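Data block below; observations after.
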Amino acid sequence: MKTIADKHNSAPFKKGDTIDIDISALDSEGNGIGIADRRQVRVVGALPGEKVKAKISHVGTNKISAQTVRIISPSAMRINSSCRVTKECDGCSLINMQYSAELTWKHEQVANRIHCHTDLVDTTILPVIASPQELNYRNSAKLVVGGRYNAPLIGIYKRGSHDIVDISACPLHHPLINRIVAAVKTGIVKGRVPVFHPRSGEGLLRYLVVRVAEQENRAMVIFVVANRSYNEIHHLAAFVAKEVPEIAVMAQNINQSAGNVILGDKDIIITKEKSLLATLNGIRFLVSPRSFFQINSGSAAIIYRKVVEFAALSGGETVLDLYCGSGAISLHLSKKAASVLGIEVVEEAVQDAATNAKLNRTNNCAFIAGDAAKLLHKLKSEQADIDVVILNPPRKGCEASVLKHVAALAPQKIIYVSCSPETLGRDLQLLSELGYKTSQIQPVDLFPHTPHIENVALLTSK
């Protein structure tokens, strides 16, 4: 195999070439960045300060992608992870980085994306709050099933391909998830359960979804199948339930679609129990197969407590919770608010929120399903008196019309919970132009060993 050095940089890069390269930084996805022949190279598995031998996997017009083959000189921040498939799986690109260094890098990522905006240059960004658990923190897993019944694979797709990386013992998963995955693999072999093959459309079992209620140490298992099974899945479920008695809920979900959407439209509950009971900061939640619940309960609890702290309610305030989901933030704030109104576009989530409010005997929360901008306009026309607004949008952030409607309600405070520093900075800049100053931002590490970082921003009316 020829290296770039052998070519004396005279020929263009090609896929399959190897290069020795110095890594100077990480990109936003946690991959190493270096320069070769005046071109930027993205190197998966490399850390700043390292010299690595890398194999080129893609050559684009402006950028080149490569995979680390060997560490020539390691970074001082490199550690040996407990993961056996680090080179094949790119699900946690920072798992070989010291956690303290990872938190420093994440703080820099937030600062870079916030301070680049004119009105946010002086915004205080607090030190990142670490996850209570660096490993075994994921209480939920959606895994693809592949291979054959006598040699099944359960894991995730390699990026840009349909090759499955088996992650049966993922160090980020709650131990109960790994036990369930191991039992399912054994059960597939014993029961000769047909594994679905996307290309041919033949087979039965497509995906495995597992959710864990950590404090209760109970689990939910969902077998996603191409067609309803009256035999194989029931036998598989019985075997897995015997192997892992902590399982409380089991279901099969029918997904006949041709795409990569995991859950289909129909759930068939196999067990007597239909939902898990999970607890967070003393608040109880019913988790059904389709309910949203934070993947890292420890860090989620910190985020919700920070929202309560920033809100600093005295008991007489009216709170508007936009993108309220299943009502987690609403229920946290209801203890000190006069009333809370949650708005969410997904009707099933609104139903879950109402159920959770009833479960916690909370009678000062109301939830509405609908488009945020339209409902905000209606609140303004009714001259609703709103003291605090919570924004917790998806990664794409808020639409400008939503932010303008929020500002028109003239709340004293806005608390913005974001999973994207980039869209957070954009939206905070617009809110500044609409009359709201961002006083501080608290980053919280919700997904250790990945490039993702959650933020809670406090805004007050100018």
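The calculated FRET efficiency for N227 paired with D371, based on their beta-carbon distance and R0 = 30 Å, is about 0.25. Loop-located GluC sites (Glu not before Pro) in segment 173-235 (DSSP state other than H, G, I, E, B) with a sparse environment of at most 15 neighbouring Cβ atoms within 10 Å: E216. Note on S200 and R290: their simple-model spin labels are 3.2 nm apart, each label 7 Å out from Cα toward Cβ. Taking every DSSP beta bridge that has both ends in the chain, the antiparallel portion is near 65%. Proximity of backbone amide H atoms, modeled 1.01 Å from N, is registered between D321 and L341, G342, I343, I390 at under 5 Å, excluding neighbours fewer than 5 places apart on the same chain. Along the Cα-to-C-beta direction of L126, a point sits 7 Å from the Cα; which residues of segment 431-452 have their amide N less than 11 Å from that point? Under 11 Å, as judged by backbone N against the label point of L126, lie 440-444 of segment 431-452. The loop-placed GluC sites (Glu not before Pro) in segment 241-332, going by DSSP, that have at most 16 neighbouring Cβ atoms within 10 Å of their Cβ come out as E246, E273.
Are there any trypsin sites (Lys or Arg not before Pro) in segment 326-423 that are in a DSSP loop and have at most 16 other Cβ atoms within 10 Å? List them by number. Passing both the DSSP loop test and the Cβ count: K335, K336, R361, R395, K396.
R0 = 30 Å: FRET efficiency of K378 with A111, Cβ-based, nearest 0.05? That pair, K378 with A111, gives E of 0.20. Legend: ranking of residues S330, S314, S168, S299 from fewest to most surrounding C-beta atoms inside 10 Å; resulting order S314, S168, S299, S330. Applied to segment 329-344, the Karplus parametrisation 6.51 cos²θ - 1.76 cosθ + 1.60 on θ = phi - 60° returns per-residue 3J(HN,Hα) values of 5, 4, 5, 5, 7, 5, 5, 10, 9, 6, 7, 10, 10, x, 10, 8 Hz, with x for Gly and Pro. Counting only Cβ charges, +1 for Lys and Arg and -1 for Asp and Glu, the dipole size of segment 5-78 around its Cα centre is about 160 debye. In this simple spin-label approximation, I269 and K358 carry label points 7 Å from Cα along the Cα→Cβ vector, and these lie 1.3 nm apart.
Between rounded, prolate and oblate, where does segment 126-197 land on the alpha carbon gyration tensor, with a ≥ b ≥ c its root eigenvalues, rounded for a/c under 1.5, else prolate if a/b exceeds b/c? Judged from the Cα gyration tensor, segment 126-197 comes out oblate (a/c at least 1.5, b/c at or above a/b). The ranking of V59, V189, V195, V210 from fewest to most other beta carbons within 10 Å of each one's beta carbon is V189, V59, V195, V210. In sequence order, segment 430-447 has phi-based couplings of 5, 5, 5, 5, 8, x, 10, 9, 7, 7, 7, 10, 10, x, 10, 7, 8, 10 Hz under the Karplus curve 6.51 cos²θ - 1.76 cosθ + 1.60, θ = phi - 60°, and Gly or Pro positions carry x.
Where a number appears in this text, it was derived from the coordinates with a stated rule and is not lab data. Remember, predicted model here, so these are calculated numbers, not experimental data. Positions of Cβ are generated from backbone atoms using ideal geometry, with glycine treated the same way; all protein chains shown enter the neighbour counts.
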